[in-house]
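Read through the structure below, which is laid out as structure tokens, and then see the notes.
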Amino acid sequence: MKMTNGEGGEKLRFAIIGAGMSGILSAIKLREAGFDDFAIYEKASRLGGTWRENTYPGIACDVPSHLYSYSFAPNPEWSHHFSPGAEIQAYFEKMARDYDVEDFIRFGSEITRCQFREGRWHLATDEGPCDEVDFVIAATGVLHHPSYPDIEGLDRFERSLFHSARWDHDVALENQRVGIIGTGSTAVQVTAELIDRVKSLSLFQRTAQWIMPQENPAYTESEKRDFREKPEQIYRLRDDISVLFAQNFANAVVDADSPQMKLIEETCRQNLELNVKDPVLREQLRPNYRAACKRLVISPDFYQAIQKSNAELVTSEIANVEPKGVRTQDGRLHELDVLVLATGFRVDRFMRPIQLFGIGNKSLEDAWAERPAAYLSISIPDFPNFFMLNGPNGPVGNFSLIEVAELQMAYIIQLVNQRREGRCRYLCASQEALENFDAARTKAAKSTVWTTGCRSWYLDDRGIPAAWPWTFDHFREAMERPDLAAFDLIA
Ligand code: NAP
């Protein structure tokens with residue numbers, strides 16, 4: 001029988017912050033490990049994280065559905081090889097129900113302050129203190145604080161304007177003149193979805209993107225029946241996709257000279273050469289940097305969409321926004337009814353704006369004064385018993401963040417067990433371990449494709465990729481077992 005308590009029969013209490021993919025996972029895994037005293041704090045009134053917040057037309061996950069599911073909860077019902085956002089949201093809602101997680105979620109509770117005092121974490125919302133726990137798991141996501149562009153006049157636009165992650169579904173799109181700023185994964189999905197619904201679509205491109213063509217067939221009823229009747233088929237498929245993903249993509253991007261990287265580049269180049277007919281448009285769409293230097297955009301239909309007669313790729317730089325539309329540097333005013341900011345996210349925020357104070361009242365703002373850092377993306381020196389899922393410097397981008405979070409959570413449970421088994425009361429990575437990790441990842445980052453000459457959200461303020469710069473196998477190995485020598489264990 002599993003112990004539910006720490007040494008001496010004490011009951012360990014946990015707070016999970018965020019009820020998205022990794023928050024729900026944390027709850028399931030804590031209970032599986034025998035810990036049932038926890039609360040999940042969720043600022044919104046619904047779970048789902050990124051899938052709750054991003055509801056833009058055309059949203060789908062470009063990680064294959066059977067890999068973008070919990071390993072322990074395969075879903076035979078995925079409609080497509082790459083499923084739409086609403087289906088993924090429904091999957092997480094079902095997971096929370098199936099695993100009895102819902103009752104642990106405190107909706108509408110935004111944690112604003114966490115302080116480590118007298119051996120425990122004291123949590124508060126704007127309304128005051130709300131909990132006192134032994135461990136905090138920050139499952140607050142990465143790509144969730146919208147980045148608003150600094151474009152003069154945005155606030156003067158007199159029609160509808162919103163960020164892609166704050167889509168206003170009350171705004172009609174049919175027969176409207178729609179403008180989209182940005183050419184990342186989001187903008188590309190929105191463009192392909194809207195082109196046949198709107199009167200005109202102006203895509204404001206600051207930087208061209210390489211596009212990896214990827215068809216997205218629906219699963220047939222007979223395939224789904226097979227998955228239902230023989231779940232082992234899903235497991236096999238998942239393993240196969242996981243290996244393919246790691247070998248052909250995850251390992252490729254961290255070795256800019258690898259043959260797999262060359263194959264990705266050639267596939268993207270062929271996609272452009274073969275599928276964009278007009279030579280002028282083709283050159284406008286041709287990036288001047290290597291494929292996957294920016295987060296690779298995956299789309300089966302973007303090039304078709306942008307070549308339609310009601311689409312315009314606007315490459316003249318944006319000068320300003322005016323009440324009636326967007327003025328570009330060539331002097332043209334692009335009159336619009338709807339302007340969508342598909343301008344991405346502030347990726348350096350993580351659990352902020354939570355005010356976090358560790359040992360000796362050290363603030364996270366001080367610890368991260370230069371930039372966010374965490375040992376193996378999980379633990380911050382002087383912030384004991386506080387662990388992050390999908391924290392800084394982990395594998396983000398074209399990976400299944402679910403696979404990443406599951407590996408991290410298994411590692412975190414092993415850290416928690418140090419307390420349960422009486423080896424310490426608190427633990428966090430040592431400063432030395434963090435510095436060594438940071439030095440090693442900074443060095444390794446030089447061989448990645450992310451440093452080959454482009455602007456991207458992978459790069460920190462020094463131009464060094466903040467993402468995990470090694471292979472996915474290396475990540476798996478690192479997550480297998482904590483090296484306790486890297487931690488300060490406090491009795
Ligand atoms: P993004 O990749 O950061 O792209 C933002 C776009 O906005 C870029 O094209 C950028 O241009 C442009 N931009 C920003 N500020 C601008 C300005 N002032 N003027 C003109 N253009 C400006 O954001 P995203 O497309 O939302 O995607 C973010 C990440 O979310 C993706 O990389 C991916 O990891 C994830 N995502 C995943 C999926 C999926 O299917 N799994 C779908 C959507 C998003 P520059 O390139 O010149 O900077």
message: Over 18 Å apart: what share of the alpha carbon pairs of region 1-137 falls there, rounded to a whole percent?
response: 59
- prompt: To the nearest 0.05, how large is the calculated FRET efficiency for K446 and L333 if R₀ is 56 Å and r is the Cβ-Cβ distance?
  reply: 0.80
query: What list of ³J(HN,Hα) couplings, whole Hz, do you get for region 66-71 from phi and the Karplus terms 6.51, -1.76, 1.60, once you set θ to phi - 60° and write x for glycine and proline?
result: 6, 9, 8, 8, 5, 5
- line: With a ≥ b ≥ c from the Cα gyration tensor eigenvalues, square-rooted, and the rule rounded for a/c under 1.5, otherwise prolate when a/b > b/c and oblate otherwise, region 213-276 is oblate
message: Using the Kirkwood radius over C-alpha pairs as Rh, can you work out the diffusion coefficient of region 165-255 via Stokes-Einstein at 4 °C, viscosity 1.567 mPa s, in µm² per second?
response: 76
message: Counting only Cα atoms, I'd like the Rg/Rh figure for region 98-175, Kirkwood definition for Rh.
response: 1.14
message: For region 238-259 and region 175-230, what is the centre-to-centre distance using only Cα atoms, to the nearest Å?
response: 23
query: Once you mark the GluC sites (Glu not before Pro) that are in a DSSP loop and have at most 16 other Cβ atoms within 10 Å, what is the longest gap between them in the chain?
result: 216-316
- line: Beyond 20 Å (Cα-Cα) in this structure, taken from K43/K294; K277/K308; K262/K443; K262/K446; K43/K362; K29/K94, we find K43/K294; K262/K443; K43/K362
- request: In Å and from the alpha-carbon atoms only, list the Rg and Dmax of region 394-441.
  value: 13.6, 39
query: Taking 1 over the mean of 1/r across every pair of different Cα atoms in the chain, what Kirkwood radius in Å do you get?
result: 23.9
query: Considering the chain, which cysteines have no disulfide-compatible partner, defined as another cysteine with its Cβ under 4.7 Å away?
result: C61, C114, C130, C268, C424, C428
message: Would you report the distance distribution of C-alpha pairs in region 197-336 as whole percents per 5 angstrom bin, up to the bin with the largest distance?
response: 2, 8, 13, 15, 14, 13, 12, 10, 7, 4, 2, 1, 0
message: What do you get for trypsin sites (Lys or Arg not before Pro) in region 383-491 restricted to DSSP loop and a cutoff of at most 14 other Cβ within 10 Å of the site's Cβ?
response: R423, R455, R462
message: I want the antiparallel fraction of DSSP beta bridges within the chain, as a percent rounded to 5.
response: 45
- request: Using θ = phi - 60° and the Karplus relation 6.51 cos²θ - 1.76 cosθ + 1.60, list the HN-Hα couplings for region 365-375 in order, rounded to whole Hz, with x at every Gly or Pro.
  value: 4, 6, 4, 10, 4, 7, 5, x, 8, 8, 4
- request: Using only Cα atoms, tell me the angle between helix 431-444 and the longest principal axis of the chain; keep it within 0 to 90° and round to the nearest 10.
  value: 30
- prompt: Taking the radius of gyration and the Kirkwood hydrodynamic radius from Cα positions alone, what is the Rg/Rh ratio for region 386-477, to two decimal places?
  reply: 1.02
message: I'd like the distance between the alpha-carbon centres of region 36-104 and region 455-469, rounded to an integer number of Å.
response: 28
message: For region 1-106, which chymotrypsin sites (Phe, Trp or Tyr not before Pro) pass both filters: DSSP loop (anything but H, G, I, E, B) and at most 15 other C-beta atoms within 10 Å?
response: F72
message: Compute the angle between helix 185-194 and the longest alpha-carbon principal axis of the chain, please, reported from 0 to 90 degrees and rounded to the nearest 10.
response: 50
- request: For helix 259-275, report the angle its Cα long axis makes with the longest principal axis of the Cα atoms of the chain; keep it between 0 and 90° and round to the nearest 10°.
  value: 30
- request: Starting from region 286-345, pick out the trypsin sites (Lys or Arg not before Pro) whose DSSP state is loop and whose Cβ has at most 14 other Cβ atoms within 10 Å.
  value: K308, R332
field: Contour excess over end-to-end distance, with Cα ends at R423 and D461 and 0.36 nm allotted per residue
entry: 9.8 nm
field: Cα-centred dipole magnitude for the chain, charges only on beta-carbon of K, R (+1) and D, E (-1), debye, nearest 20
entry: 460
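We did not get these values from a lab; they are worked out from the coordinates using the rules stated. On a predicted model such as this, the values are computed, not experimentally measured, just so you know. Glycine gets a Cβ as well: all are built from the backbone with ideal geometry, and neighbour counts include every protein chain shown.
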